[in-house]
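I have a structure here, written as structure tokens, and I will follow up with some questions on it.
The values are calculated or read from the model by the stated rules, or taken from the named source; none is laboratory data. As the structure is a computational prediction, the values presented were derived from the model and not from experiment. Cβ placement follows ideal geometry from the backbone for every residue including glycine, while neighbour counts extend to all protein chains displayed. For the accessible areas, the whole protein counts, side chains as well, though only heavy atoms, and no ligand, DNA or RNA atoms are used. Shrake-Rupley method; radii C 1.70, N 1.55, O 1.52, S 1.80 Å.
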Amino acid sequence: MEHFEAIVIGGGSAGLAAAVALGRSRRTVLVIDEGNPRNAKASHAHNILGQEGTNPMDLLERGRDEARHYGARIIEGKVDTLTGSLDTGFTVTMTERSYSAERIVLATGLIDNLPEIPGLAQAWGKSAIHCAYCHGWEVRNQELLVLGIGAMSSHQAMMFNQLSSKITFINHNSSALAEENRATLEALGIPVLEQSVIAVEFDDQGTLASVLLANNQRLNAETLVVATHMQAQAALYESLGGSLAENPLGTYISVNEMGATEVAGIYAAGNVCNLGAMVMAAAASGTIAGAAINADLISSQLATS
Ligand SMILES: Cc1cc2nc3c(=O)[nH]c(=O)nc-3n(C[C@H](O)[C@H](O)[C@H](O)COP(=O)(O)OP(=O)(O)OC[C@H]3O[C@@H](n4cnc5c(N)ncnc54)[C@H](O)[C@@H]3O)c2cc1C
């Protein structure tokens, strides 16, 4: 079985940044990536200092080149199982292939679970958006509809209200709007429509055209703001006995400031451990985890020499 000092599972911004830090520290590193980063549907990535507005897949292609430049090996595919411990070493298995490593970086990202409304998945990442910092500037001054489904929805309305005054909150899941949040929306002058959305509709070109409400009313819409329930892709971590934490955004792996998890030898970076991390924050946490593993390996190699 081929051996590496570190294996990075997931090759998005977080995983590739970890691989660069490890490669530059002359560590043998393997990145295994299924190739489905969370922002794949977006055409441009924003708030990326020095690379503003770049295509997300182009950004990762450059990251792969940089990691390879420092000796990282990158293979495509899904890691199915992760076994072992700090004492025995870890084994990572894909279909018919296994690799061993002394340390692991989990950079597997998260799943955005959307509310089940016909058409919504088709609009996701294009005209159905979640993040004022990722897409807000691009929809400034547009007619915005905020889908009220949970605790984050009124927060989103507040953020997007900074970008457009033409904003309506549709109280889709009426029990989710707390009284204090309703008061905030009122104070900001954001109208609240007490209806649920039964479909998201498109024109002939596939562009978002309207949302259909339960009372059969149609609201023209250019952009729909929707919160997702975020679920860390953490099955591998749980299989080692790791437990997940939860906050109003969803579930995630807890880490310390260096990216170490509660399972010795396993580090995490990016959205899998920080649901709110945008690209630069994800990459920064990958760099930190890579650096922490290098220091950790120096210490353990000293201890055994
Ligand atoms: C629609 C949308 C638009 C966005 N726009 C922006 C923006 O403009 N600016 C910004 O800063 N942020 C943006 N974001 C946030 C951005 O997507 C995340 O910050 C970033 O993707 C997090 O990087 P990551 O490496 O943690 O996870 P990801 O980029 O999701 O990468 C995780 C990788 O791990 C792989 N993987 C998962 N499980 C396995 C496994 N078992 N084996 C092998 N590989 C696996 C996945 O396939 C994926 O390639 C946006 C998010 C969305 C949803």
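Could you tell me whether any residue of the range 113-130 is of a type in the set (Lys, Arg), within 23 Å of the chain's Cα centre (by Cα), more than 12 Å from the ligand (Cβ to nearest atom) and open to solvent by 20 Å² or more (accessible area, probe 1.4 Å)?
no
Check off (1) touching a helix residue (DSSP H, G or I) at 6+ places or on another chain (Cβ under 7 Å); (2) more than 9 Å from the ligand (Cβ to nearest atom); (3) among the β-branched types (Val, Ile, Thr) for Ile9 and give me the number that stays unchecked.
(2)
Ok, one more. Where residues in the range 23-39 are of a type in the set (Gly, Ala, Ser) and closer than 22 Å to Ile293 by Cβ, which of them is nearest to the ligand (Cβ to nearest atom)?
Gly23
List, please: which pairs have Cβ atoms under 8 Å, are six or more places apart or on different chains, and start with a residue in the range 54-66 that is in the same structural domain as His135 (by TED's automatic domain parsing) and at pLDDT below 95 and end with one that is among the polar types (S, T, N, Q) and within 11 Å of the ligand (Cβ to nearest atom)?
none
From the set of residues in the range 156-168 that are under 25 Å from the mean Cα position of the chain (by Cα) and not small (Gly, Ala, Ser), which is most open to solvent (accessible area, probe 1.4 Å)?
The qualifying residue most open to solvent (accessible area, probe 1.4 Å) is Gln162.
Out of the residues in the range 94-112 that are part of a strand (DSSP E or B) and open to solvent by 40 Å² or more (accessible area, probe 1.4 Å), which is nearest to Gly259 (Cα to Cα)?
Glu102
From the list Ala209, Ala183, Ala176, Ala199, which one is within 29 Å of Gly270 (Cβ to Cβ), over 21 Å from the mean Cα position of the chain (by Cα) and surrounded by fewer than 22 Cβ atoms within 10 Å (Cβ to Cβ)?
Ala176
Separate question: Looking at Glu238, Glu257, Glu246, can you tell me which residue is among the charged types (D, E, K, R) and either in a loop (DSSP other than H, G, I, E, B) or not assigned by TED's automatic domain parsing to the domain that holds Gly15 (or both)?
It is Glu257.
So the check is Cβ under 6 Å with 6+ separation or different chains; which pairs have a first residue in the range 3-20 that's in contact (Cβ under 8 Å) with a residue 60 or more places away in the chain and a second one that's more than 8 Å from the ligand (Cβ to nearest atom) and of a type in the set (Asp, Glu)?
Matching pairs, first to second residue: Glu5/Glu102; Val20/Glu66.
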